[in-house]
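Here the structure comes first, spelled out in structure tokens, and everything after it is commentary.
Where a number appears in this text, it was derived from the coordinates with a stated rule and is not lab data. Note that the coordinates shown come from a computational prediction; the quantities given were computed from them, not determined experimentally. FYI the Cβ positions are ideal-geometry reconstructions off the backbone, even for glycines, and counts take in every protein chain you see.
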Amino acid sequence: MNTQQLESFVQVAENLNFARAAEVLNITQSAVSRQINSLEDELGTKLFHRSTRTVALTPAGISFLDDAKEILKRLQIAAHKIQNHSQSNIQIISIGCSNEANLITLSKTLSQCRLQMPELHPFVRVIPYRSILNLFIHGEIDILFGFKDDIPVRDGVIYRELTEIPICCVVPVGHPYTQKNEVNEKELLSENIIICNSYEIPSKAADIQNRLANKFLPDSAYYCENLQVMLSLVKAGYGFAILPDKASIDSELAFIPLSGYEPISYGTFHKNTSKNSLIKKFISIVHSKNTD
């Protein structure tokens, strides 16, 4: 994924016209089409419904538009900072998270980094997993926080575990399950289930929810394509969700461990080819803080 792809996508999405997007970007219409096609190939989904006369966003395209704008905005801010401080001692590290809940842990680490690494300017991005993964692979994110099983094994990528996180059943606060230390699959079959088809859901949690979905009648399953929609449906009492513990900091939600499943490994990823010494120092502080 690169900025040319994102800029082409945003312009087509806002104008719903390839020719107009090409005019704004000052490139050919065929170049815009190539950028959109390559982006769709990387994401593994169609972003637009196209015909000879009309262009319309697909549900995936609608969901991705805000993320694409946010990525471009953050990149512009980062470039502006680098240009303004090129003669200073400031060093920027780009840090990627796929979930706002990660920021609680990250803030504790950053407080230590501020004292030990005053020259560091952290540039933190909270972007859905599939988008942030592509940025990390292409070197636009220095350090990525994520689940071990969700990151492709590649030469030169170092993973260090921070913790193991249990898979949980998520219900509204006040639900009878909140009185339990754990729940099992058999108990869940008497409830309704919320299924989220989104890359925001870690792969192991997605595998469990999809397997469970086959055991529910159609009128007992609700489907969505966004994590926040999923959590809203849970809070509204439509059913339970399957997610890693503390996937949300919402005080109206309760996370009860699901018995019979191993916890999933969560940690940091970085490339060992990086020449930035601050990255290694940051990683050291992250993991030393986690063991305190």
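Check the stretch 157-171 and report whether any residue there is farther than 30 Å from Lys281 by Cα, of a type in the set (Phe, Trp, Tyr) and touching a residue at least 24 places away in the same chain (Cβ under 8 Å).
Checked against the condition, which is being farther than 30 Å from Lys281 by Cα, of a type in the set (Phe, Trp, Tyr) and touching a residue at least 24 places away in the same chain (Cβ under 8 Å), the stretch 157-171 yields no hits at all.
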Scope the stretch 1-28; condition touching a helix residue (DSSP H, G or I) at 6+ places or on another chain (Cβ under 7 Å) and not in a helix (DSSP H, G or I); matching residues: Met1, Thr28
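Tell me, yes or no, whether the stretch 128-135 has at least one residue that is among the hydroxyl-bearing types (Ser, Thr, Tyr), surrounded by 21 or more Cβ atoms within 10 Å (Cβ to Cβ) and touching a Phe, Trp or Tyr at 6+ places or on another chain (Cβ under 7 Å).
Among the residues of the stretch 128-135, at least one is among the hydroxyl-bearing types (Ser, Thr, Tyr), surrounded by 21 or more Cβ atoms within 10 Å (Cβ to Cβ) and touching a Phe, Trp or Tyr at 6+ places or on another chain (Cβ under 7 Å), which makes the answer yes.
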Total residues in the stretch 151-167, condition closer than 10 Å to Phe269 by Cβ and not in a loop (DSSP other than H, G, I, E, B): 4
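For (1) closer than 21 Å to Ala254 by Cβ; (2) of a type outside the set (Val, Ile, Thr); (3) surrounded by fewer than 20 Cβ atoms within 10 Å (Cβ to Cβ); (4) touching a Phe, Trp or Tyr at 6+ places or on another chain (Cβ under 9 Å), each residue gets a yes or a no:
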| residue | (1), (2), (3), (4) |
| --- | --- |
| Ile104 | yes, no, yes, no |
| Ser107 | no, yes, yes, no |
| Ser111 | no, yes, yes, no |
| Pro118 | no, yes, yes, no |
| Ile143 | no, no, no, yes |
| Gly146 | no, yes, no, yes |
| Ile151 | no, no, yes, yes |
| Tyr159 | no, yes, yes, yes |
| Glu164 | yes, yes, yes, yes |
Has the stretch 29-38 got at least one residue that is in a loop (DSSP other than H, G, I, E, B) and touching a residue at least 24 places away in the same chain (Cβ under 8 Å)? no
Here's a check for you: in the stretch 244-264, which residue that is small (Gly, Ala, Ser) and under 22 Å from the mean Cα position of the chain (by Cα) is nearest to Ser203 (Cα to Cα)? Ala247
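Here's the yes/no breakdown for (1) charged (D, E, K, R); (2) assigned to a strand (DSSP E or B):
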| position | (1), (2) |
| --- | --- |
| Cys169 | no, yes |
| Lys186 | yes, no |
| Glu191 | yes, no |
| Ile195 | no, yes |
| Ala206 | no, no |
| Phe216 | no, no |
| Tyr223 | no, yes |
| Ser232 | no, no |
| Tyr238 | no, no |
If I filter the stretch 185-204 down to residues being free of Cβ contacts under 8 Å to residues at least 40 places away in the same chain and closer than 23 Å to Asp149 by Cα, which single residue comes out as surrounded by the fewest Cβ atoms within 10 Å (Cβ to Cβ)? Asn197
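Listed here are the residues, each with its yes/no results for (1) free of Cβ contacts under 8 Å to residues at least 40 places away in the same chain; (2) more than 27 Å from Pro152 (Cα to Cα).
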site	(1), (2)
Asn226	no, no
Val234	no, yes
Phe240	no, yes
Pro244	no, no
Gly260	no, no
Thr268	no, no
Thr273	no, no
Ser277	yes, no
Filtering the stretch 89-148 down to residues that are over 17 Å from Asn272 (Cβ atoms) and of a type in the set (Asp, Glu), which residue is farthest from the chain's Cα centre (by Cα)? Glu119
